[in-house]
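Here is the structure we will look at, set down as structure tokens.
The values are calculated or read from the model by the stated rules, or taken from the named source; none is laboratory data. Every value quoted in this text rests on a predicted model; they were computed, and no experiment measured them. FYI the Cβ positions are ideal-geometry reconstructions off the backbone, even for glycines, and counts take in every protein chain you see. Accessible surface areas use protein heavy atoms only, side chains included; no ligands, DNA or RNA. Shrake-Rupley method; radii C 1.70, N 1.55, O 1.52, S 1.80 Å.
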Amino acid sequence: MFSPVVLGALAALLPAAVQAMPASTQARAADATANPYTGYTIFKNPEYVAEVQAAVQQISDSSLASAAAGVEDVPVFFWLDQVAKVPNLTTYLAAADAEAKSSGSQQLFQIVVYDLPDRDCAAAASNGEFSISDNGQANYENYIDQIVASIKQYPDVRVVAVVEPDSMANLVTNLSVQKCADAESTYKTCVAYAIEQLATVGVYMYLDAGHAGWLGWPANLSPAAELFAQMYSTTGSSPYFRGLATNVANYNSLTTDSPDPITSGDSNYDELLYIEALSPLLVDNGFPAQFIVEQARSGVQNIRSAWGDWCNVKGAGFGLRPSTDTPSSLIDSIVWVKPGGEADGTSNSSAARYDYHCSLSDALQPAPEAGTWFQTYFEDLVSGANPAF
Ligand SMILES: *[C@@H]1O[C@H](CO)[C@@H](O)[C@H](O)[C@H]1NC(C)=O
Ligand SMILES: *[C@@H]1O[C@H](CO)[C@@H](O)[C@H](O)[C@H]1NC(C)=O
Ligand SMILES: *[C@@H]1O[C@H](CO)[C@@H](O)[C@H](O)[C@H]1NC(C)=O
């Protein structure tokens with residue numbers, strides 16, 4: 001045991017943002033400058049486990065079924081894409097806490113914070129429940145407050161969050177879309193609120209940074225770095241705002257020796273090249289960001305007609321498994337953010353959330369609504385898995 005005097009001396013070594021926290025959170029925060037995945041077991045998202053188990057039951061081919069059963073063991077993030085999902089977060093944190101106490105291994109739970117008002121401003125398939133014109137900012141702050149209250153109950157469970165997929169990337173490249181221009185200041189205010197509040201309960205955050213084929217184009221790197229660094233400094237440069245997440249719900253390879261033809265013209269043709277190009281610009285702007293990289297559906301390359309195609313791309317396979325064994329010290333972990341098998345968007349052109357990308361020739365059809373189970377697509381991901389299950 002450390003005496004209070006020694007603890008006081010240790011506290012003096014911590015960053016100011018950590019010292020300002022209550023003692024219970026400080027204890028959890030003692031290593032806030034280290035890779036949050038190190039030393040922790042990832043508690044699996046129970047909803048994905050249930051989806052995969054149900055999917056396996058529907059597969060008659062026994063070798064495909066046994067491969068599919070392996071997917072259950074891979075941890076994917078829990079998407080808080082509606083405020084109504086927060087009670088389930090509490091349930092899963094309680095289960096993770098119980099698991100930590102019974103097994104003696106420290107547990108980490110992965111969430112996606114994804115409920116901005118006027119969400120997905122440059123596309124249609126992932127429109128959300130809140131709108132800026134109808135109390136959106138207050139509704140969003142309430143959503144964040146509920147998440148914070150939930151996490152606060154389980155101080156021994158470490159939480160890692162991907163913050164608001166596509167939001168900042170849309171502000172870098174899509175301000176010519178009216179909905180994005182109108183959302184710019186609200187997005188920044190809401191994302192800053194999320195970062196500040198989640199930091200108070202020790203959530204390790206990675207703000208979404210698009211992917212190599214979006215912000216990785218040389219002309220987009222500097223504006224992107226400036227925006228991310230601005231979000232970092234305006235939210236108090238907390239050590240819990242650990243860095244950026246790339247390739248979320250996308251299909252890019254982490255590294256490749258043979259660039260996909262669709263990447264032609266972009267010297268940053270894979271995620272590692274993108275991260276290595278962005279990192280020094282972030283550092284120049286005062287943000288020493290670390291990264292996590294999505295590889296859930298990156299097992300097969302050369303399947304898209306254009307790099308911007310994102311919806312239920314045909315021929316995709318599950319990719320590299322989550323691991324802290326990564327090709328760069330900038331990358332904390334390879335992760336699976338997207339629950340592979342849940343649709344990206346519907347191909348029904350009469351549906352309210354229809355987006356044309358979901359009926360392009362490289363999109364598997366017919367496809368159900370975003371987030372709902374797409375059995376054929378799941379089976380294709382298993383068949384194409386690389387490494388295989
Ligand atoms: C909460 O979890 C239960 C069981 O896991 C599920 O049936 C329900 O749909 C979830 N609630 C929401 C709002 O997603
Ligand atoms: C958003 O920006 C990306 C990257 O520049 C571009 O490919 C896409 O077409 C834009 N979306 C819209 C709806 O303008
Ligand atoms: C497509 O969406 C429309 C509008 O929601 C619905 O009436 C129709 O049944 C859907 N078609 C299919 C094939 O699901």
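Brief remarks on what is shown
- Qualifying residue in segment 71-90 (condition: among the small types (Gly, Ala, Ser), over 17 Å from the mean Cα position of the chain (by Cα) and open to solvent by less than 50 Å² (accessible area, probe 1.4 Å)): no
Yes or no, residue by residue, for (1) touching a Phe, Trp or Tyr at 6+ places or on another chain (Cβ under 7 Å); (2) hydrophobic (A, V, I, L, M, F, W, C); (3) in contact (Cβ under 8 Å) with a residue 40 or more places away in the chain; (4) within 16 Å of ligand 1 (Cβ to nearest atom):
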position: Ala316; (1), (2), (3), (4): yes, yes, yes, no
position: Pro322; (1), (2), (3), (4): yes, no, yes, no
position: Glu342; (1), (2), (3), (4): yes, no, yes, yes
position: Gln375; (1), (2), (3), (4): no, no, yes, no
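- When Ala94, Ala122, Ala100 are checked against the criterion of being open to solvent by 30 Å² or more (accessible area, probe 1.4 Å) and not in a loop (DSSP other than H, G, I, E, B), a single residue qualifies: Ala94.
- Residue within segment 315-324 that is open to solvent by 10 Å² or more (accessible area, probe 1.4 Å), in contact with a strand residue (DSSP E or B) (Cβ under 6 Å, 6 or more places away or on another chain), more than 23 Å from Tyr114 (Cβ to Cβ) and assigned to a strand (DSSP E or B) present: yes
- Residues that are open to solvent by 10 Å² or more (accessible area, probe 1.4 Å), among the β-branched types (Val, Ile, Thr) and within 17 Å of Gly319 (Cα to Cα), drawn from segment 223-261: Val248, Thr255, Thr256
- Residue ID - surrounded by the most Cβ atoms within 10 Å (Cβ to Cβ), chosen from residues in segment 332-362 that are away from ligand 2 (no atom under 16 Å from the Cβ) and among the hydrophobic types (A, V, I, L, M, F, W, C): Val335
- Residue in segment 354-362 that is more than 15 Å from Ala123 (Cα to Cα), away from ligand 3 (no atom under 12 Å from the Cβ) and at pLDDT 95 or above present: yes
- Out of Gln146, Gln137, sole residue that is within 16 Å of Asp115 (Cβ to Cβ), open to solvent by 50 Å² or more (accessible area, probe 1.4 Å), touching a residue at least 60 places away in the same chain (Cβ under 8 Å) and assigned to a helix (DSSP H, G or I): Gln146
- Sole residue being modelled with pLDDT of 95 or more and touching a strand residue (DSSP E or B) at 6+ places or on another chain (Cβ under 7 Å), chosen from Ile42, Ile59: Ile42
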